[in-house]
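The values are calculated or read from the model by the stated rules, or taken from the named source; none is laboratory data. Note that the coordinates shown come from a computational prediction; the quantities given were computed from them, not determined experimentally. For neighbour counting, all protein chains shown are included, and Cβ atoms are generated from backbone atoms with ideal geometry for every residue, glycine included. Protein only, heavy atoms only, side chains kept; ligands, DNA and RNA dropped before computing areas. Shrake-Rupley method; radii C 1.70, N 1.55, O 1.52, S 1.80 Å.
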Amino acid sequence: MSEPPKNTYLYQPLDSKRGDIRLLHLLPGHFDERIRCRISKHVLSVRHNEWEPLDNYEALSYTWGAWDNAQTIELIGDACAGKEDSLSDSFRNLKLKNSARERTWAFFVTSNLFVALRRLRRTNKTRTLWIDAVCINQQDLHEKGNQLAMMDRIYKQASRVLVWLG
């Protein structure tokens, strides 16, 4: 399996003690259109019993697959402001556009996840998902460890778990 390409999206830090996770908002579009998403922070609800309402997102379970044919999606969001200066020129060129308040970033995903997003995307309504490859900063080992420790809770509290077999 080849190494994943390095993504340039600068994640906002999470407070794992508070139960912070990130959610991916898959924006509406047709099958062949570019995949566009927003990322937001979300605090997992504190459930006092298993019958309480669940959080309003779906968790995706899937096989990552190889990085040999990586695809890009657009992440629109509140990436850490002011850290662009730390990016190399080649990574800076991957940014798709800038505005004063909002940035759009090219974000690499495996071809299996790319196909899943195409199939799961709705044409008229945003779909809110938790997807480990995107919602966890894979380059931050501390965050990754904290989020992996919360995965049982993340899946249990999802309104639905989707399984993508490819």
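Some values worked out for this structure:
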| read-out | value |
| --- | --- |
| Residues that are acidic (Asp, Glu), at pLDDT below 90 and more than 26 Å from PHE114 (Cα to Cα), drawn from segment 11-64 | GLU50, GLU52 |
| Residue count, segment 134-166 (criterion: open to solvent by less than 30 Å² (accessible area, probe 1.4 Å), closer than 22 Å to LEU26 by Cα, assigned to a helix (DSSP H, G or I) and in contact with a Ser or Thr (Cβ under 8 Å, 6 or more places away or on another chain)) | 2 |
| Hits in segment 105-120 (condition: open to solvent by 10 Å² or more (accessible area, probe 1.4 Å) and either β-branched (Val, Ile, Thr) or assigned to a helix (DSSP H, G or I) (or both)) | SER111, ASN112, PHE114, VAL115, ARG118, ARG119, LEU120 |
